[in-house]
Amino acid sequence: MGQINKVAILTSGGDAPGMNAAIRAIVIAAQHYQIDVIGYYHGYNGLIENESRLLSLSDVNNIIHRGGTLLKSARCPAMLEIQGLKQAANTLLKEKVDALIVIGGDGSFSGLLALQAYWSGLTIGIPATIDNDLDGTDFTIGFTTAVNTAIEAIDKIRDTANAFDRIFIIELMGRQSGHITFNVGVACAAEQVLSFENVKPEQQKEKLSLLAKDIQSSQSNHHESYLIVMAENLWLGGVTKLVEQLKEYANIDATACILGHIQRGGSPVAKDRILATKMGVAAIQKLMQKKSNIMIAEQDNTITEISLENAVKHTKKVSQGLINAQEDILALTAQNQC
Ligand code: ATP
């Protein structure tokens, strides 16, 4: 491949705070090398429908602190079909795009890999998902902000729970992984953390009985409140079902609270803005070295790269150290009360 003149970018999958900061960094770095940046709207849909606009420095002025994504994001089921992949590839060919940078999660990178069968330009992924479930990078853009947002909300729930000695069960996002749930649980001093890593589907009955016992013992010790944080998609029937089950099983009154999309919004925290800035600049620098088929990553505070194939191969596990920390603090708290 010769000189790179035009780079396409899009944001795909669930939006994550810091996506705008990544777009900004890409546009600024590209301008330095006199590369045009064309932004496609609504994830891969923008490629399929050829809905785009050239991005200039003025477009990315004053966006580093904004949540969401100025390019919009979306799921795009058409990318799972050959016809959709061919349409996306045709747009890139027609518009003479030399490289495509996708800002998103593992699904979005699978799309990038699938596209390579029909388009031979350079491809780079930037990991941005609140779930933090991508292997090969210590953190994904948006995760830290989502955790902080959930903490702020739960601290408020704790105040009202304390005022009425209430029990709350709070559902957190994370798809099929517990990065948000465990981090938030430890940081909010939750009395219980329920996630994929510590509750298997076949253990739910047993867990219900243990939970009921623990809540009753906590109430008899005159605890002011009791907070359970739970990962979405974990409990059969969700938080409302667990509330019903606690009532039926042990006459315990709990309140369900689904934090939901509040976790996606808001201004990115410093860590996400900085990570997105480093990764956006690195993406353009890697393209200048003609690197392709890679995800930009950060490991031990150093920006690096891993192949897209490896990035999507495994889901990043919650660190055992964090799971142990939650178990240890609960055990020590219980011992102190004896
Ligand atoms: P998040 O997990 O934060 O929501 P994600 O990128 O994993 O982010 P997905 O919904 O899994 O989100 O994927 C986003 C889009 O990527 C899909 O709507 C689809 O357009 C494309 N995509 C996902 N998997 C594939 C695949 N196997 N082949 C082609 N395209 C795919």
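Evaluate the following for E206: is it out of contact with any Leu (no Cβ under 7 Å at 6 or more places or on another chain), acidic (D, E) and within 24 Å of I141 (Cβ to Cβ)?
no
Can you tell me which residues in region 67-77 are of a type outside the set (S, T, N, Q), within 12 Å of the ligand (Cβ to nearest atom) and either farther than 26 Å from G142 by Cα or crowded, with 20+ Cβ neighbours inside 10 Å (or both)?
Across region 67-77, the qualifying residue is only C76.
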**Request:** Taking the residues in region 82-110 that are within 12 Å of the ligand (Cβ to nearest atom) and among the hydroxyl-bearing types (S, T, Y) as candidates, determine which candidate is farthest from the chain's Cα centre (by Cα).
**Result:** S110
**Asked** Only one residue in L100, L112 is part of a helix (DSSP H, G or I), closer than 22 Å to Q285 by Cβ and open to solvent by less than 10 Å² (accessible area, probe 1.4 Å). Which one?
**Response** L112
**Cβ pairs under 7 Å, 6+ apart, first in region 139-160 and over 22 Å from A276 (Cα atoms), second of a type in the set (S, T, Y)** = R158/S225
**Where S217 falls short, out of the listed (1) touching a helix residue (DSSP H, G or I) at 6+ places or on another chain (Cβ under 9 Å); (2) assigned to a helix (DSSP H, G or I); (3) open to solvent by 30 Å² or more (accessible area, probe 1.4 Å); (4) closer than 30 Å to S12 by Cα** = (4)
**Prompt:** Residues of region 115-136 being more than 8 Å from the ligand (Cβ to nearest atom), surrounded by 24 or more Cβ atoms within 10 Å (Cβ to Cβ) and closer than 22 Å to Q263 by Cα, which ones?
**Reply:** I126, P127, N132, L134
**Asked** Going through region 245-272 one residue at a time, which ones are farther than 28 Å from D138 by Cβ and either hydrophobic (A, V, I, L, M, F, W, C) or assigned to a helix (DSSP H, G or I) (or both)?
**Response** Q245, L246, K247, E248, Y249, A250, I252, A254, A256, C257, I258
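Here's the yes/no breakdown for (1) of a type in the set (K, R); (2) open to solvent by 30 Å² or more (accessible area, probe 1.4 Å):
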site: I64; (1), (2): no, yes
site: M79; (1), (2): no, no
site: I82; (1), (2): no, yes
site: K86; (1), (2): yes, yes
site: L92; (1), (2): no, no
site: G104; (1), (2): no, no
site: G107; (1), (2): no, yes
**Item:** Matching entry among K291, K317 (being surrounded by 14 or more Cβ atoms within 10 Å (Cβ to Cβ) and over 22 Å from the mean Cα position of the chain (by Cα))
**Value:** K291
**Item:** Unique match (being over 25 Å from K316 (Cα atoms) and in a strand (DSSP E or B)) among L227, L242, L210
**Value:** L227
**Request:** Name every residue in region 28-39 that is without any contact (Cβ under 8 Å) to a residue 40 or more places away in the chain and either among the β-branched types (V, I, T) or within 30 Å of Q83 (Cβ to Cβ) (or both), in order of residue number.
**Result:** D36, V37, G39
**Prompt:** Given (1) part of a helix (DSSP H, G or I); (2) small (G, A, S); (3) more than 12 Å from the ligand (Cβ to nearest atom); (4) over 20 Å from the mean Cα position of the chain (by Cα), where does A8 come up short, assuming only one miss?
**Reply:** (1)
**Prompt:** Any residue at all in region 190-201 that is open to solvent by 10 Å² or more (accessible area, probe 1.4 Å), within 23 Å of T129 (Cα to Cα), assigned to a loop (DSSP other than H, G, I, E, B) and basic (K, R)?
**Reply:** no
**Message:** Just to be sure I understand the filter: pairs with C-beta atoms under 9 Å, separated by 6 or more residues or on different chains, first member in region 43-56 and at positive phi, second member of a type in the set (F, W, Y) and crowded, with 22+ Cβ neighbours inside 10 Å. Which pairs pass?
**Reply:** N50/Y40
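The values are calculated or read from the model by the stated rules, or taken from the named source; none is laboratory data. Small disclaimer: the values here were computed from a predicted structure and weren't measured. Reconstructed Cβ throughout: ideal geometry from the backbone, glycine too, with neighbour counts over all protein chains shown. In case anyone asks, the SASA skips ligands and DNA or RNA and just uses the protein heavy atoms, side chains included. Shrake-Rupley method; radii C 1.70, N 1.55, O 1.52, S 1.80 Å.
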